[in-house]
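The values are calculated or read from the model by the stated rules, or taken from the named source; none is laboratory data. Worth saying up front: this structure is predicted, and the values here are computed from it rather than measured. Keep in mind that these areas ignore ligands, DNA and RNA; they rest on the heavy atoms of the full protein, side chains included. Shrake-Rupley method; radii C 1.70, N 1.55, O 1.52, S 1.80 Å.
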Amino acid sequence: MTPSTASGVGAEGLAPARSLAACAGVTVAYGQGDARVVALADADLAIASGEIVSLAGASGSGKTTLLHVLGGLVVPSAGTVTWKGQPLSSLDAAARGRARAEGIAYVFQGSNLIPHLSVWENLAFAALVATNRRDASGPETEHALGLVGLAGKADALPGELSGGEQQRVAIARAVIQKPDLLLCDEPTGHLDSDTGGRVLDMLVALQGEAGFSLVIATHDESVAARGHRRLELAEGRLLASES
């Protein structure tokens, strides 16, 4: 590992000039005065097209906040966030939502599937939202389920699936959106080690096939090791990077 500057990861933590997503001097704070809590402090980071970046750190270190900043879900208190070279943090909520729909997808620690919709309907809905097309429930949905080995589960409800299967559906739901950037927040955190390993293998394989950028927040060292770059967070600060 290379020590960073005091303000963040420093030059080695910044991806090349043609970054897909980036934040510069980003701070996220909540509350005022003695009640003020800094969730992320002066973070500099850029994500290059097609790379896998792991964000390692303990619970509460700022990993989820950084993901939310990169994806436009959280507006920073200070600093700037860009998406494909365009400002993201300065946009209103509707404009940030449109930017996400045009290339950013999420996989959360829990699958977050819509419980009353079938597996097929969950994927079709995600594709429709992302692409604004009326034919989103056709062959693309079938293909996405095939990619994660769940073609035979299309009619099942989420509650009828195992935890590993639900997470595979969540990955398929993200992939069907054809993202340029996939943000994963502890995607194997609720799974046993064997199931989690298989889910991670599938996620990395899909990244290799589709070429999207993949950012994985994790406290699991074996998961963090799968990144092309490994970034460490502690108490809201990016401490070091490893290529």
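Multiplying the residue separation of ASP92 and ASN112 by 0.36 nm and removing their Cα-Cα distance gives an extension gain of 4.7 nm. Given a 1.4 Å probe and the protein chains as shown, GLU209 ends up with an accessible area of around 140 Å².
Excluding same-chain neighbours fewer than eight residues apart, the aspartates and glutamates reachable from LYS153 by a Cα-Cα span under 19 Å are GLU121, GLU140, GLU142, GLU165.
Among TRP83, TRP120, the order of accessible area from largest down is TRP120, TRP83, computed with a 1.4 Å probe on protein heavy atoms.
Taking each residue as 0.36 nm, the span from SER49 to ALA151 lengthens on full extension beyond its C-alpha to C-alpha distance by 33.8 nm. Rounding to the nearest 10 and keeping the result within 0 to 90°, find how far the Cα-based axis of helix 193-210 lies from the longest principal axis of the chain. Orientation of helix 193-210: about 90 degrees from the principal axis. Take the alpha carbon atoms of the stretch 150-205, find their center, do the same for the stretch 21-85, and report the distance between the two centers in whole angstrom. Here the answer is 25 Å between Cα centres.
Kindly provide the helix-only [θ] at 222 nm of the chain, computed as the sum of -39,500 (n - 2.57) over DSSP H runs of four or more divided by all residues, to the nearest 500 deg cm²/dmol? Write out the running numbers ahead of the final one.
Working: 7 runs with 74 residues, N = 243.
Result for the chain: -9000 deg cm²/dmol, rounded to the nearest 500.
Oblate is the label for the stretch 68-223. Its Cα gyration tensor axes, ordered a ≥ b ≥ c, give a/c of at least 1.5 and b/c at or above a/b. Within the same chain, lysines fewer than 8 places from LYS84 are excluded, and of the rest, those with a Cα less than 24 Å from its Cα are LYS63, LYS178.
Amide hydrogen proximity for SER77: with H placed 1.01 Å from N in the peptide plane, the residues at 5 or more positions away or on another chain lying under 5 Å are THR27, VAL28, ALA29.
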